[in-house]
Each structure stands twice: as structure tokens, then as C-alpha cells.
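One structure below.
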Amino acid sequence: MLANRLYQRLLLILFLVMTLGQISFAQSTTEKKSARSIFEALEEANEGEGVITIFQAPELQRLIGLPAGRGTTLLGHDGNYTLLMGYRVQMFNSNHPNAKAEAYARAEQIRHIAPTMSSYITFKAPFWRLAIGNFLTREEASQARARLVSSLPAWARESYVVRDKVRILNYVDPNATEE
């Protein structure tokens, strides 16, 4: 038992040494200027702060901000819209007898609060669902959920971000190579 705990602590120390050997951390009490990417923000030189140098393959840098492990899956085109795997905010999910009417009523409420967000009501037996928006990243969907929940706090417990097919207007794939 003692050997097992010692082994676990040794692994933890080894992990920390390897991690700290790769990245230098700097503490900052001043505001940072906005940068185009997290890499530029971390490597930005500021007076009175340490220097951070990140050694990262360009292929991995391009993946930052995309859904983890999946990349952006292109599913097709529909006019000016591109169909992709992305995220939506699910605001309602029920199989009660009046679930259909409630889903449509909630969609109407959201239309008044956030008229630019699209509402999607689906029936997948036996559940009626209401999902909102078309977001490429989970972060965008989480921010939209926070805005919706601030206006509709009673719905907070049953709302969450879900992975779904989304429609993005005039989408340009950042990983596409021009010929």
C-alpha cells in the first residue's frame, strides 16, 4: 500500500516536471491586449512579465477552437448554407401529453427574447424537443445558453448544450486549401 502511494506521488511529480519544463508561466496584474489566437496572447511580451514560448505544430494550432476530437464535420450544402456537425442549446425535452404545445409555446417565447436565433422543434418518439441556434463550437453555444437562461431563469435546470447538425450561412472551411 505504501509502495502504491509512493508510486502515485512519483508519477504526479514526474508529470508536473515534464509539464513545467515545456511551458513557462507568467503572472500578470495588468490587462492584456487582445490577440488573434491564444498562442499569440500567451507569447505577447508585456513589461514586467516573464516570456512564454510555445513550441507547437501548425497542424495542432489550426485545431484550437474546433470541437474536441472531431474537427468540423462537413455534411453538405443547402443553398447559401453549409450543413455541419455543431452545437445547439436544448431548452425543452418532454414526453408529457401536452409536450408538443409546450414546445411551440416556448419557441414563441424565445423568438421574442432572441429573434435572431433559430428554433428547432423535433419529435423523436416519445419526446418533443426544442433546440435553439446554430453554433460551430461548444463555447459559442454555452455563451448563448447563458444569455437565454439570464432571461428565462426558470428553464435553467432543463437547458443544456447538445451536439447536433447545424446550418451556417456562407461558411468557409478554415482548413480548406485553395488550388
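Note on segment 119-169: among residues that are free of Cβ contacts under 8 Å to residues at least 24 places away in the same chain and polar (S, T, N, Q), the one that is surrounded by the fewest Cβ atoms within 10 Å (Cβ to Cβ) is 150. Scanning segment 49-80 for residues that are open to solvent by 80 Å² or more (accessible area, probe 1.4 Å) and part of a loop (DSSP other than H, G, I, E, B), we see that the one that is modelled with the highest pLDDT is 80.
What about residue 172, is it within 15 Å of the chain's Cα centre (by Cα) and not in a helix (DSSP H, G or I)? Against the criterion (within 15 Å of the chain's Cα centre (by Cα) and not in a helix (DSSP H, G or I)), residue 172 does not qualify. Beta carbons closer than 8 Å, at least 6 apart along the sequence or on distinct chains, pair a first residue in segment 83-106 that is in contact (Cβ under 8 Å) with a residue 24 or more places away in the chain and of a type in the set (Gly, Ala, Ser) with a second that is open to solvent by less than 20 Å² (accessible area, probe 1.4 Å) and assigned to a loop (DSSP other than H, G, I, E, B) for 86/67.
The values are calculated or read from the model by the stated rules, or taken from the named source; none is laboratory data. None of the values given here were measured: they were computed from a predicted structure. Note: ideal-geometry Cβ built from the backbone for every residue, glycine included; neighbour counts use all protein chains shown. All accessible areas refer to the heavy atoms of the entire protein, side chains included, with ligands and DNA or RNA removed. Shrake-Rupley method; radii C 1.70, N 1.55, O 1.52, S 1.80 Å.
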